[in-house]
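The values are calculated or read from the model by the stated rules, or taken from the named source; none is laboratory data. Keep in mind it's a predicted model, so treat the numbers as computed, not measured. Cβ placement follows ideal geometry from the backbone for every residue including glycine, while neighbour counts extend to all protein chains displayed.
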Amino acid sequence: MPDDKKTLLELYRKMVAVRQFETMAGEHFAAGEIPGFIHLSIGQEASSVGVCSCLRKDDYVVTTHRGHGHMIAKGADLKRMTAELFGKRDGYCKGKGGSMHIADFSIGFLGANGVVAGGLPIITGAGLSIKLRKTDQVALAFFGDGACNRGPVHEAMNMAAIWKLPVIFVVENNQYASTTPMEYSCAIGDLCTRAAGYGMPGEKVDGNDVLAVRKAAATAVERARAGEGPTLLENATYRMKGHFEGDPQKYRKTEEVESWGEKDPVERFARVLTKKKILTKKLAASILKEVHSELDEALAFAQDSPFPAPEDAMNDLYSTMEGGSHA
Amino acid sequence: MPDDKKTLLELYRKMVAVRQFETMAGEHFAAGEIPGFIHLSIGQEASSVGVCSCLRKDDYVVTTHRGHGHMIAKGADLKRMTAELFGKRDGYCKGKGGSMHIADFSIGFLGANGVVAGGLPIITGAGLSIKLRKTDQVALAFFGDGACNRGPVHEAMNMAAIWKLPVIFVVENNQYASTTPMEYSCAIGDLCTRAAGYGMPGEKVDGNDVLAVRKAAATAVERARAGEGPTLLENATYRMKGHFEGDPQKYRKTEEVESWGEKDPVERFARVLTKKKILTKKLAASILKEVHSELDEALAFAQDSPFPAPEDAMNDLYSTMEGGSHA
Amino acid sequence: MPDRILSSSAALAEALHEEMERDETIFIVGEDLVAHAGIFGQFKGIPEKFPGRIIDTPISETCIAGCGLGAAMTGMRPLVDFHFSDFVTCGMDELCNQAAKIRYMFGGQVKLPMVVWCPDGAGLRAAAQHSQSLESWFVHMPGLKVVIPSEPADVKGLIKAAIRDDDPVMFFQHKKLFAKEGPVPEEEYVIPLGQAAVKREGKDVSLLCYGSGYYLCVEAAEKLAGDGIEAEVVDLRTLKPLDMDTVAVSIQKTHRAVVVHEACRTGGFGSELAARIQDELFDELDAPVKRVGAKDFPIPFSPPMEDFVLPNVSDVLKAVHAVTYR
Amino acid sequence: MPDRILSSSAALAEALHEEMERDETIFIVGEDLVAHAGIFGQFKGIPEKFPGRIIDTPISETCIAGCGLGAAMTGMRPLVDFHFSDFVTCGMDELCNQAAKIRYMFGGQVKLPMVVWCPDGAGLRAAAQHSQSLESWFVHMPGLKVVIPSEPADVKGLIKAAIRDDDPVMFFQHKKLFAKEGPVPEEEYVIPLGQAAVKREGKDVSLLCYGSGYYLCVEAAEKLAGDGIEAEVVDLRTLKPLDMDTVAVSIQKTHRAVVVHEACRTGGFGSELAARIQDELFDELDAPVKRVGAKDFPIPFSPPMEDFVLPNVSDVLKAVHAVTYR
Ligand SMILES: Cc1ncc(C[n+]2csc(CCOP(=O)(O)OP(=O)(O)O)c2C)c(N)n1
Ligand SMILES: Cc1ncc(C[n+]2csc(CCOP(=O)(O)OP(=O)(O)O)c2C)c(N)n1
Ligand SMILES: [Mg+2]
Ligand SMILES: [Mg+2]
């Protein structure tokens, strides 16, 4: 996996794109333009971008309620993403899904999920499908530290392991599940140690270091593509914002939040690239500008897109419904 | 825990009782006297008896579809057990439960379960209840190697571990889940290694050696009573009969069955006791006779007990149902 | 003493304070309860007042449900918070194959005093996986009771009855109703399960409802009064046990009925109630029993579509006109 | 060519052989399938003929369901064997929050050709946790289709339609019917979903049924014929989509209807159908629609009690007499 200048800058650009997308989404949520509730991944960009940089377009990904970053990193169209968050007709899901239920099958993005751990059995099925169809795709699931405590995660890891499915399990351990600290809901230090119980490799990675993430993910992807089975990666990171936008966050101290602010993965990578003389202030500014102009475009697209007609609610349920009434 | 002569003989007597009960049940099932289907624990007596020998009457136990042995070992009345298997009015559950759904709350036996792993969340709740009520009881679950692959097992172990509940998880690894060999459904050799993923001790025990089982269980029970939290015990054993009575058993070889027959836990313990000069042929014969006469009594009780009246089906659903109709 | 005006959240919290004071076997268990006193503030003050008796869990709905059950089987009286009713899907085995059946299967050996508390309903733009009303699944499951209050006073009286009940009770509260206020008596009271309330009298049509459907009916009844139609509003409050007597008395008066709920129409509780009414009161009916419920689609995210799928006051009016036209 | 006489197991196996031959994206996944070709012998010959396309799983119902879904989303056409329908409780999230909603939530981006195959029903003395008929839960879940064949010929034609369908289909077969035999056409045929079959014509009462209820109705109709009552037996075959046209035509002729199923009565499919009939065909009805189903109890183990709880032919007769008396 080449880590040439172009690649590194592309990683950085993606991280900035995720960060700025999330920031934009937060602002427009606050302004009342985004209905429902949204969960931002600010602080976790190294994980989404690092992992997805190892994937092909035809590889499969599922994510969680906190999946904007993963989707952008997998190559989604910002316009249709934004429009979906806004509940507009030109959104990826025509406004039916919103932030928590967004997908783009054309890039193998099999969807966000409003049910914690809901994607894990699905990705296992995608892995089985790859194996049955004998392609060299891989299937990858992002999930949270909190999700690790749900049964489907256990069943999925075991099943992927016994069948040596090309599945990569990426737990983004951002220290909290909603209000619950990871140390409360888990009696061991590292979630990745559970991998041993399934007979698969498990690795803990500095999840705020995009290159470390990328390296670990590359190994896992290679393993999977080679038919050697699944891997569990634990990306240790931190969500810098509330669980959802508007979260009163009584469960954590300002100092803690601030200390993690210093480990901000985007700034950190910028420092690395600057040191390597790959990134300059000027280049950083122009990347940011480029990202902003893309986002402005996406925003305008979303704002201009009409709301769905009420009756559009009646489309897209069944593929075929003939010879009978369903209501 | 004293292992004096009396205790050892009592262990032996219990093992014989379980073995003979199961044999009797198999015969009367074949004769058409027991409705439905039954799952015998022949070959697993060291586990049921060894574990339960460490429990008090007020400790809680849940078991599976293969729970006759556990129930007898916990001190159940053979008469009411037999009557329940026969579907009779004087059975433990008045004929409503049968073999797979039998319980005796007076001895802390919270029930068999027709759903694989169904007892695990329940026993965790019993453990929580003990903790909240501040008693020194313990709560123990028997389950199978196949059950280990279900999500509730994962959730239960994690929950018991983080709260340090007085729960003991006993997996009876009898090498098969119905037709499925343990090695197929699990990519690791020992199920007990999963304990590490929850931060609890896990131990593999020769499940056909009643004293080894008893020793490991004693340690786990002590730990639980002392408030130090849960333990996972894996009792390696073998079911010497089919999954259910009538199982065509195409999935295993006669040689395998025969080779485990040589490790028969009852005979093995008899040899140990004989060597220690605790058991003589004569004593063994008299124990067997004693057990048989108990079983004859139980059988007569069951056969004499009337079937429930059809309308008895309408009792026992709700504790209270006033002020409205439920149908 | 005049009634205070309280929200449903406050009414619930008040009832729980009183009950937990009274009976120390009561405890609350679920996800993310302590830090914010429940996601709807429904447990306000309880973490401070009853430390250790409101317990945060990992995200493990299956085990949470089973855990409540195991505690209920061994002397405790748990209230299990299911976070969002949509996630009952993760505990259906524990609720339906275990909690609902254990007393029966074991021949009545044990009591199961457990409340499964589920915020349900749509309207928050929370989309398909956080908006469902699934009560009819549980009505179809012998061994469970099903309670769905509408007004704050009902919340208080019914949660007390549910907690004191020795059987497993599914208790649903609509997410959009937590902040809604209403008078709540100060004094101790319990509303027995299985008692519907005629909340508005009328002679022309019976509006049979519960939960959020109640508010649709109240508004519809106001409007109908303007048109000279006197609608009787019967708040069922508990679906199992069901107060069929009150329903029958109302229909014997009005001879027309509309069932209103937010759950989707096909297979919803309206089907059960309509089927029973036409069976038991066939000769009383001057028109078919109409059912108002959500259209048979998952709840879509975007506001115009969500609003379209959900039942509204004009759906109730239309149904009333259809049955009173005859 | 005269029809062969086959059991439902054999009819299912035959259909699967033909379909798997035709379309290599079809595979079967579930517990304990290979060694004994399914617990009811329903997959006879498939392990030998299609190795690798019938896959044993660990005991992990949640993941099995999700696994089928993930495969369906990515180009395969899985048949998920749920072992016993009672265990759908362990996969409700995957079936109802995922499979039923994913196409819709994602704006129609994907097709989900998945059959969830569930042996259901009682009568085997298997007690409360292995005897349920839970179809009405899924009828209440938009996004799923629900198919329940009765006779072997229906099994063959309907499983083919279910497999070829691009939506998730819940397919229930009664455990006691696997061995029951009937004529099955030799030639290729598919029974489209949403087509009921009038299997016996009659002018006095419509018996609306499916699955094991069908056989109760056939027997009842015979008996009724002796009493001079001509019962029309309508085998619904699929509950969603529902062939309401055929139901309506029948009722327009008979003006009386009894719905018969094994699921417990309260909240069962009979409620939905009765509610719809009285709504849509009010003026056609000369008597209330009666529902015959199991009594509202878990299935007890002991034979006399199980028999008492389950619906039987005399329940059907009683219901018919109640509606034809008027
Ligand atoms: C099955 C289920 N239970 C509970 C919830 C409510 N919920 C949404 S997100 C969340 C916390 C998830 O924590 P984690 O898995 O660590 O992901 P993070 O939010 O930290 O990204 C909870 C409890 C849910 N959506 N689904
Ligand atoms: C949730 C669930 N899935 C499947 C079954 C069917 N079933 C009953 S026993 C059994 C095998 C259990 O194996 P194991 O846990 O090893 O226990 P053993 O029978 O060996 O004692 C299966 C698959 C069930 N009862 N419950
Ligand atoms: Mg987290
Ligand atoms: Mg086993």
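See the values below:
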item: Test: residue in segment D:101-112 that is more than 9 Å from chain A (Cβ to nearest Cβ) and either aliphatic (A, V, I, L, M) or surrounded by fewer than 24 Cβ atoms within 10 Å (Cβ to Cβ) (or both); result: no
item: Selection status of A:I34, within 22 Å of A:K263 (Cα to Cα), in a loop (DSSP other than H, G, I, E, B), in contact (Cβ under 8 Å) with a residue 24 or more places away in the chain and of a type in the set (V, I, T); result: no
item: Members of segment D:69-88 that are assigned to a helix (DSSP H, G or I), under 30 Å from D:A126 (Cα atoms) and touching a residue at least 40 places away in the same chain (Cβ under 8 Å); result: D:L69, D:S85, D:D86, D:V88
item: Unique match (being within 16 Å of ligand 4 (Cβ to nearest atom) and hydroxyl-bearing (S, T, Y)) among B:Y176, B:Y198; result: B:Y176
item: Residue that is farthest from ligand 3 (Cβ to nearest atom) [pool: residues in segment B:126-142 that are surrounded by fewer than 24 Cβ atoms within 10 Å (Cβ to Cβ) and either more than 18 Å from B:T219 (Cβ to Cβ) or within 7 Å of another protein chain (Cβ to nearest Cβ) (or both)]; result: B:T135
item: Any hit, segment C:34-57, residues being surrounded by 23 or more Cβ atoms within 10 Å (Cβ to Cβ), at the interface with chain B (Cβ under 8 Å from one of its Cβ atoms) and under 22 Å from A:E183 (Cα atoms); result: yes
item: Answer residue from segment D:20-33, given it is buried (at least 19 other Cβ atoms within 10 Å of the Cβ) and among the charged types (D, E, K, R) and is farthest from ligand 1 (Cβ to nearest atom) among those; result: D:D32
item: Answer residue from segment B:211-239, given it is among the charged types (D, E, K, R) and part of a helix (DSSP H, G or I) and is nearest to B:L128 (Cα to Cα) among those; result: B:R225
item: Residues located in segment C:116-168, provided they are over 11 Å from the mean Cα position of the chain (by Cα), at positive phi and away from chain D (no Cβ under 14 Å); result: C:G123
item: Flag for B:G69 being crowded, with 24+ Cβ neighbours inside 10 Å and more than 9 Å from every other protein chain (Cβ to nearest Cβ); result: yes
item: Residue satisfying all of: in segment B:179-195; assigned to a loop (DSSP other than H, G, I, E, B) and more than 12 Å from ligand 4 (Cβ to nearest atom); surrounded by the most Cβ atoms within 10 Å (Cβ to Cβ) among these; result: B:A187
item: Enumerated helices (runs of 4 or more DSSP H) restricted to segment C:232-326, each holding at least 2 residues that are over 30 Å from A:A103 (Cβ atoms) and polar (S, T, N, Q); result: C:244-254, C:269-280, C:313-324
item: Segment D:217-232 - residue that is surrounded by fewer than 24 Cβ atoms within 10 Å (Cβ to Cβ) and within 20 Å of the chain's Cα centre (by Cα) and, of those, nearest to D:E135 (Cα to Cα); result: D:V218
item: Identity of the residue in segment A:143-164, away from chain B (no Cβ under 11 Å) and not in a strand (DSSP E or B), that ends up farthest from ligand 2 (Cβ to nearest atom); result: A:D145
item: Residue ID - nearest to the chain's Cα centre (by Cα), chosen from residues in segment B:163-173 that are away from ligand 4 (no atom under 16 Å from the Cβ) and crowded, with 20+ Cβ neighbours inside 10 Å; result: B:I168
item: Every pair of residues 6+ apart whose Cβ atoms lie under 7 Å, when the first sits in segment C:264-279 and is at positive phi while the second is not basic (K, R); result: C:G267/C:S136; C:G267/D:S136; C:G267/D:V139; C:G267/D:H140; C:G267/D:E272
item: Residue match in segment A:202-210 (condition: small (G, A, S), touching a Ser or Thr at 6+ places or on another chain (Cβ under 7 Å), farther than 29 Å from B:A161 by Cβ and not in a loop (DSSP other than H, G, I, E, B)); result: no
item: Strands (runs of 3 or more DSSP E) wholly inside segment D:172-231 containing at least 3 residues that are at pLDDT 95 or above and touching a Pro at 6+ places or on another chain (Cβ under 8 Å); result: D:181-184
item: Single residue of segment A:101-142 satisfying the filter (among the polar types (S, T, N, Q) and under 17 Å from D:C67 (Cα atoms)) that is farthest from ligand 2 (Cβ to nearest atom); result: A:Q137
item: From the options A:V62, A:V115, residue that is β-branched (V, I, T) and free of Cβ contacts under 8 Å to residues at least 40 places away in the same chain; result: A:V115
item: Residues being touching a Cys at 6+ places or on another chain (Cβ under 7 Å) and either assigned by TED's automatic domain parsing to the domain that holds D:A162 or among the acidic types (D, E) (or both) - total across segment D:225-266; result: 1
